[in-house]
Amino acid sequence: MNSNKKLAISIIFLLIMGMTVLILNKGSHQPPMENSSVKGIRIVSMGPYATENLFLLGLGDNITALTIHDLPVRRAGKEIIGTLIDPNIEKILSMKPDIVIASKEGNMEGSLNKLSQLGIRTLALDQLHSFDDICRNFITLGRELNSEETAENILIQSKQRLDRIKPGPGKKSKVFFILGFKPLITTGNMTYIDEMISLAGGINIFSDTDKKWFACSVEEVVRRNPDIIFFTGMEKDTEFFGKRLPEIKAVRESMVFEMDDTVIGSPTPATFVDSVETIYGLISGKGKNVFEK
Amino acid sequence: MSLKNKYGLLLFIFIISILSGICLGTKNFGIPGFFSLSGIDRLILFEIRIPRVLAGFIVGAGLSVAGSVLQAILRNPLAESYTLGISGGASLGICMGVLLGKFEVIPYFAFMGSIASILVILAVSSKKRFSNTTLILLGVALNFLFSSLVLFIMAVVKNDKFQSTLLWLIGDISYFPAKILMPSIIIISLISAYISFSGRIYDILSMGDEKAVSMGIDTYREKRSAFLLCCIIVGFCVSLSGIIGFVGLIIPHVSRFFFGSTHRKNLPASFIAGGSFLVLADTLARTLIKPVEIPVGVITGFFGGLFFIAMLLRSKQREI
């Protein structure tokens, strides 16, 4: 057998061995929660989305550790487990949590798998595309933490508030939402932001785009000429409007507004409705714009 | 310093790196503490820290041995595992794995990507019998090609998968599937041992193709075997830790500086030094601003950059 064949056979053997090892990888096992009383539950939150929903459920005091991305007021008196995408597993273990609340929206599958493999009870909330998803996650969270009734009551109140927002008939205002400036990131029709705008009586200028978040061109924004712009995100560049978009209607008429990062990025059923109310107010001309002194 | 003392120093560094990797972290363990471990401490040590130290060691060792061999056969001090397009292929494999949405297949796809890139190089070079310089340029070109494909995929991929890709591409030893650790340790160790025993071949190849042919070496066959063996090592390394740069570049130089150019001596030294270096780098990455963890690729990149500047300054002095 010549050396080429030997080498080829060796490589094929190694690949088969590797595949076998991966296939034999056992699934993770979720241990039952030891502490079933709501009062004593020790919770580790793996991101602001989980944290805000836990606080809405009234379980903020049960959070023993969270990430550096959480609001400073939430972090006060609590331990830090690291970042959203690379949490410190040792730190999480040392907190002896009864449950870890994560989100498939921001946390890596690898860290969730690792926690499950180590026998830590983990709840990963689903990704968000709509208000229904936000509500479903909230109920799941409540059920997992023996607070389902509280969760349902909060949902009923939120939906009642939402039903009271009734945009008038007639032409809808064109709304442009900015998540980031460099590059210019906006939302398509696969996020709850698009639904927020629609419920508030507006129409997302990129509602014809079947994406969640994507980078758009300034040219396209000018072409679609939004009536209102609202923005959020870590890097705000309010000079951008005067420099790059001076000719569009929203900038000419000073209809550019800033929204809260956490409210937009880490929605709860209550803050979703808050946002719809705010956008409804902006569209009807009652909000504060960035050009006001 | 005698050779015996140098090996002694290397062994000392090895022991310090392993001990620091195991003892330091979110919670520091003293040696007496090992005799009174709580349940959580045992979980941290045996399920997280020790596997991580083992993974860090074998990745550093493997990348260093592969880098050493490639520098010898390509006769280029800047050659390393990723110069020949292997990192580009591995990155593309990682992206494909992330696209499929299953964490478990990412290491396998990273491995396949590494192998695919080297097979492309071997297939192209078998037609043309490229020189060493052309091989390196071909590798750089492949890196650019694969990297642009990676950027294209990241531009159009769903944003929730973007972050998973990022950690793999900058190197991290936190999230390898536990089941691939033992096979990786065995395979990388066996291939490294085989390469070390074949050290004389690389001594001859490093003198140039003409010299090697005159001494009866089939240079094409030996280089091809070496490429494939290095690629298998790098494939396993990438599947454990993603892309970690500079280890395979710096460590061969350091081991040649201390242990000489004879590969039977400097390859085992590269193995131990590379493993120890990456364990120390990972320990620093874990503890510098704990509990926030810095990706280990940031630490190796930082020290790699400093090393290169020092190397350039040293060579500049020689030119004068």
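The values are calculated or read from the model by the stated rules, or taken from the named source; none is laboratory data. Treat the numbers as computed from the prediction; the structure is a model and nothing was measured. Here the Cβ is made from the backbone with ideal geometry for all residues, glycine too, and neighbour counts use every protein chain on show.
Quick look at the values:
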| item | result |
| --- | --- |
| Lone unmet requirement of (1) crowded, with 20+ Cβ neighbours inside 10 Å; (2) within 14 Å of another protein chain (Cβ to nearest Cβ) for B:Glu47 | (1) |
| Qualifying position, being away from every other protein chain (no Cβ under 12 Å), assigned to a helix (DSSP H, G or I) and small (Gly, Ala, Ser), among B:Ala55, B:Ala116, B:Ala79 | B:Ala55 |
| Residue selected from region A:72-90 under the condition outside any strand (DSSP E or B) and touching a helix residue (DSSP H, G or I) at 6+ places or on another chain (Cβ under 6 Å), by the criterion farthest from B:Pro291 (Cα to Cα) | A:Arg74 |
| Selection count, region B:23-52, where residues are within 18 Å of B:Val292 (Cα to Cα), assigned to a helix (DSSP H, G or I) and of a type in the set (A, V, I, L, M, F, W, C) | 3 |
| Any chance A:Ser116 is among the hydroxyl-bearing types (Ser, Thr, Tyr), crowded, with 22+ Cβ neighbours inside 10 Å and closer than 30 Å to B:Arg49 by Cα | no |
| Of all residues making up region A:104-122, the number that are assigned to a loop (DSSP other than H, G, I, E, B) and within 12 Å of another protein chain (Cβ to nearest Cβ) | 8 |
| Qualifying residue in region A:232-248 (condition: modelled with pLDDT of 85 or more and more than 30 Å from A:Thr140 (Cα to Cα)) | no |
| Which numbered condition B:Gln71 fails, given (1) polar (S, T, N, Q); (2) closer than 22 Å to B:Leu267 by Cβ; (3) in contact with a Gly (Cβ under 7 Å, 6 or more places away or on another chain); (4) modelled with pLDDT of 80 or more | (3) |
| Residue check for A:Ile68: on the phi < 0 side of the Ramachandran plot, modelled with pLDDT of 90 or more, part of a loop (DSSP other than H, G, I, E, B) and within 13 Å of another protein chain (Cβ to nearest Cβ) | yes |
| Leading residue by the ranking (farthest from B:Leu43 (Cα to Cα)) among those in region A:123-154 that are within 14 Å of chain B (Cβ to nearest Cβ) and assigned to a strand (DSSP E or B) | A:Leu125 |
| Filter result (in a helix (DSSP H, G or I), aliphatic (A, V, I, L, M) and in contact (Cβ under 8 Å) with a residue 24 or more places away in the chain) within region B:165-200 | B:Leu167, B:Leu169, B:Ile170, B:Ala178, B:Ile180, B:Leu181, B:Ile185, B:Ile187, B:Ile188, B:Ile191, B:Ile195 |
| When residues of region A:84-103 are limited to those that are facing another protein chain (nearest Cβ under 7 Å) and over 26 Å from A:Ser130 (Cα atoms), the one nearest to the chain's Cα centre (by Cα) | A:Asp86 |
| Residue that is nearest to the other protein chains (Cβ to nearest Cβ) [pool: residues in region B:165-191 that are within 12 Å of B:Ala55 (Cα to Cα) and aromatic (Phe, Trp, Tyr)] | B:Tyr175 |
| Helices (runs of 4 or more DSSP H) contained in region B:203-320 and holding at least 1 residues under 16 Å from B:Asp172 (Cα atoms) and away from every other protein chain (no Cβ under 14 Å) | B:247-259, B:263-287, B:296-319 |
| Residue selected from region B:28-38 under the condition surrounded by fewer than 17 Cβ atoms within 10 Å (Cβ to Cβ) and either within 19 Å of B:Ala178 (Cβ to Cβ) or hydrophobic (A, V, I, L, M, F, W, C) (or both), by the criterion nearest to the other protein chains (Cβ to nearest Cβ) | B:Leu37 |
| Residue within region A:124-141 that is over 20 Å from A:Phe272 (Cα atoms), surrounded by fewer than 23 Cβ atoms within 10 Å (Cβ to Cβ) and charged (D, E, K, R) present | no |
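So that you can scan it fast, the table gives a plain yes or no per residue for (1) aromatic (Phe, Trp, Tyr); (2) crowded, with 22+ Cβ neighbours inside 10 Å; (3) at pLDDT below 75:
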site	(1), (2), (3)
B:Leu78	no, no, no
B:Tyr82	yes, yes, yes
B:Leu92	no, yes, no
B:Leu119	no, no, no
B:Ser125	no, no, yes
B:Leu138	no, no, no
B:Ser148	no, no, no
B:Thr165	no, no, yes
B:Ile186	no, no, no
